[in-house]
Amino acid sequence: MSEQSVMDEATYLQQYDPKQFDSPLVTVDAALFTYHDGVLKVLLVERASHPELGKWGLPGGFIDVHRVADLTQAINGVIEDKTGITAPYLEQLASYGNNQRDKRGWSVTVSYTALMAYQACEVRIATVADAQWVDVEQLPEMTLAFDHMTIIEAGRERLKQKALYSIVPAYALAEEFTFPELQHLHELLIGKPLQKRSFRRRIEQANLLEDTGKFRKDAGRPAILYRLAADAEQYRFVRNLED
Ligand SMILES: Nc1ncnc2c1ncn2[C@@H]1O[C@H](COP(=O)(O)OP(=O)(O)OC[C@H]2O[C@@H](O)[C@H](O)[C@@H]2O)[C@@H](O)[C@H]1O
């Protein structure tokens, strides 16, 4: 029997010193998307400290073990501190860990993603120079910090699947929205134009929207304003909306 197995757990824990072992840096990052001014946008911050000073990247940060009890608290705190945004919903996207992604050392980041209705953002702390919702079309011209482009691409792929099989993209719109807005957002996420009539028919047949009785007058004819029906986000189309 080893020496460790003869001592009781309380004694073992008293002697255990996690600082004896080198451990990776652990951070969280968020890829938040919204639909605003007719385009798909992702929330970015301009870094005001090393490493990657001056580059734009996702809102992310270290886990302050004295402040938060779990990963969800960590990511929500980071988003609020760095951008002033309260994320109404978040889902875990993927974990990235290796000895390359952060120059400070072996690093693991747990990434989160969400589609959310537009909220204005603001800088709250000194480690961030600016916070902006950036049109995803501008990303190819930018060099983002760390592996944040990879995280954004994974987020977009997740959203594409949601846009193909569900009405979840409506969460990126205001509470009341028009059919053309919903279709345009689906098209941006899927990356292809969709047939107007068939898109509308599929959504109407599934009873996913409620007519608010109100209209919005844009350029053309007044468009009916809808809101999501109860539990609409649970619905999955058997055939994807591209068909
Ligand atoms: N190893 C560490 N552990 C905990 N806190 C740390 C550590 N190193 C630095 N800090 C604290 O965190 C602050 C760094 O700022 P943050 O905004 O929390 O982190 P940032 O530099 O943006 O790093 C997070 C970013 O690193 C990437 O790997 C990751 O993708 C994420 O976006 C420092 O001022 C310091 O107080």
The range 52-136 shape via C-alpha gyration tensor axes, a/c threshold 1.5: rounded
Accessible surface of E137 - all protein chains present, 1.4 Å probe, nearest 10 Å²: 120 Å²
Solvent-accessible area of T150 with every protein chain in place, 1.4 Å probe, in Å² to the nearest 10: 70 Å²
Heavy-atom accessible area order for R124, R202, largest first, 1.4 Å probe: R124, R202
Per-selection Kirkwood Rh - the chain (Cα, Å, 1 d.p.): 20.2 Å
Reach of K103 by Cα under 27 Å, taken over lysines that are not fewer than 8 positions away in the same chain: K19, K55, K82
Between 0 and 90°, nearest 10: helix 196-205 axis offset from the chain longest Cα axis: 70 degrees
Computed [θ] at 222 nm, deg cm²/dmol, the chain (DSSP H ≥ 4; -39,500 (n - 2.57); rounded to nearest 500): -8000 deg cm²/dmol
Cα-based helix-to-principal-axis angle, 179-190 vs the chain, degrees rounded to 10: 40 degrees
Surface share of carbon and sulfur [accessible, 1.4 angstrom probe, percent] for the range 170-243: 48 percent
Anchor K41: aspartates and glutamates whose Cα lies under 16 Å away (excluding residues fewer than 8 positions away in-chain): E122, D130, D135, E137, E141, E153, E157, E181, E187
For the chain, accessible area per residue (1.4 Å probe, heavy atoms of protein chains only), Å²: 57 Å²
J(HN,Hα) series, the range 147-152, from Karplus relation 6.51 cos²θ - 1.76 cosθ + 1.60, nearest Hz, glycine and proline x: 9, 5, 5, 4, 5, 5
Carbon and sulfur %, accessible surface of the range 24-162 computed with the full protein complex present, 1.4 Å: 50 percent
Accessible area in the full protein assembly, largest first, 1.4 Å probe, for K162, K217: K217, K162
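The values are calculated or read from the model by the stated rules, or taken from the named source; none is laboratory data. Please read all numbers here as calculations on a predicted model, not as lab measurements. Note: areas computed on protein heavy atoms with side chains; ligands, DNA, RNA excluded. Shrake-Rupley method; radii C 1.70, N 1.55, O 1.52, S 1.80 Å.
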